[in-house]
Amino acid sequence: MATRPNARQWLFSLKAFLAAMLALYIALALGLPRPYWAMATVYFVSHPLTGATRSKAAYRVAGTVLGAAAAVATVPLLVNMPIVLMAAISLWIVALVYLSLLQRSPRAYVFLLAAYTLPIVALPAVDQPAQIFDLAVARIEEIVIGIVCAGLVGAIILPAKVAPALRARAERWLADAAAGLTTSCARTPGPTRTAIGLLPTSSRWIS
C-alpha cells in the first residue's frame, strides 16, 4: 500500500530539483551542446544522505574522465570496423561492471562511471570521429557540473547526516525484535492429550 511522502522525502526531492535547475542553468550559460546531461546527472548521483553524495563525488568524476579517455582512444582506431568497435565497448562495460562489483567501497563508482561513460561518449561520435575529443570534453563538463551541483546543494541546504538515519533504523530494528520476542514469550502451550483420555470409561466396564 502506497504511503504519502514524509518531510525528509519532500526535502530530498526539493534539494534534487534545485540542484538540477542549477546544473541546467550553468550548462546553458556555458553553451554546452547537451545541457540536459548536467540536469540528468544530478538525479543519477543524488542521495538522501549528504555524506554519501559528497564522498562519492570524486570517484564519480574520476570514472567519468576514465571512460571519456577510453572513448577518445577507442573510436578513432575502430570507427571503420563497427562490429569490432561494438565488441570492444561491450567488453569494456562487462569488465568495468565486474570490477565495480568486487569493490565494497565508494571506489566502485570509478569503475561504474567509466563503464557507462564510454558508450555515452563513443556512440554519438561514430558518425563524426574527428569530433570525438570535443564531444568527450563536453560530456565530461556536463557530467561534472551535475555531480558538483548535487554535492554542493546537498551540503549547503539542510544537510542530512548519516548518524540520525542509522539511529532511527537501529531503533526500528530493536523495536521489531522486542515485539517479536514479546509475542513469542506470551504464547501459552495448548491442551495436551494424556493417556487417561484414551482409557475406556467406567460405564463400558460396568456394562
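Residues considered: 156, 120, 132, 147. Of these, the only one that is without any contact (Cβ under 8 Å) to a residue 24 or more places away in the chain and of a type in the set (A, V, I, L, M, F, W, C) is 156.
Note on the range 1-49: residues that are touching a Leu at 6+ places or on another chain (Cβ under 9 Å), among the small types (Gly, Ala, Ser) and under 14 Å from residue 139 (Cβ atoms) amount to 1.
Filter the range 142-161 down to residues that are under 16 Å from residue 20 (Cβ atoms) and either among the charged types (D, E, K, R) or assigned to a loop (DSSP other than H, G, I, E, B) (or both) and give me whichever is farthest from the chain's Cα centre (by Cα). For the range 142-161, the residue satisfying everything is 157.
Can you name the residue in the range 84-101 that is within 16 Å of the chain's Cα centre (by Cα) and of a type in the set (A, V, I, L, M, F, W, C) and, of all such residues, is surrounded by the fewest Cβ atoms within 10 Å (Cβ to Cβ)? So, considering only residues that are within 16 Å of the chain's Cα centre (by Cα) and of a type in the set (A, V, I, L, M, F, W, C), the one surrounded by the fewest Cβ atoms within 10 Å (Cβ to Cβ) is 101. Here residue 115 does not fit the description of being small (Gly, Ala, Ser) and surrounded by fewer than 19 Cβ atoms within 10 Å (Cβ to Cβ). Considering each residue of the range 67-81 in turn, at least one proves to be outside any helix (DSSP H, G or I) and surrounded by fewer than 18 Cβ atoms within 10 Å (Cβ to Cβ). Residues of the range 66-96 that are within 24 Å of residue 138 (Cα to Cα) and of a type in the set (Val, Ile, Thr): 72, 74, 75, 79, 89, 93.
Restricting the range 124-145 to residues that are touching a Leu at 6+ places or on another chain (Cβ under 9 Å) and more than 18 Å from residue 43 (Cα to Cα), the residue that is surrounded by the fewest Cβ atoms within 10 Å (Cβ to Cβ) is 128. Any idea which of 93, 83 is free of Cβ contacts under 8 Å to residues at least 24 places away in the same chain and farther than 17 Å from residue 155 by Cβ? Going through 93, 83 in turn, just one is free of Cβ contacts under 8 Å to residues at least 24 places away in the same chain and farther than 17 Å from residue 155 by Cβ: 83. For the range 25-44, residues that are in a helix (DSSP H, G or I) and either buried (at least 21 other Cβ atoms within 10 Å of the Cβ) or of a type outside the set (A, V, I, L, M, F, W, C) (or both) total 9.
FYI, it's all coordinate maths here, none of it is from the lab. For clarity, every value in this text was computed on a predicted model and none was experimentally measured. Here Cβ is always computed from backbone atoms with ideal geometry, including for glycine, and neighbour counts include all displayed protein chains.
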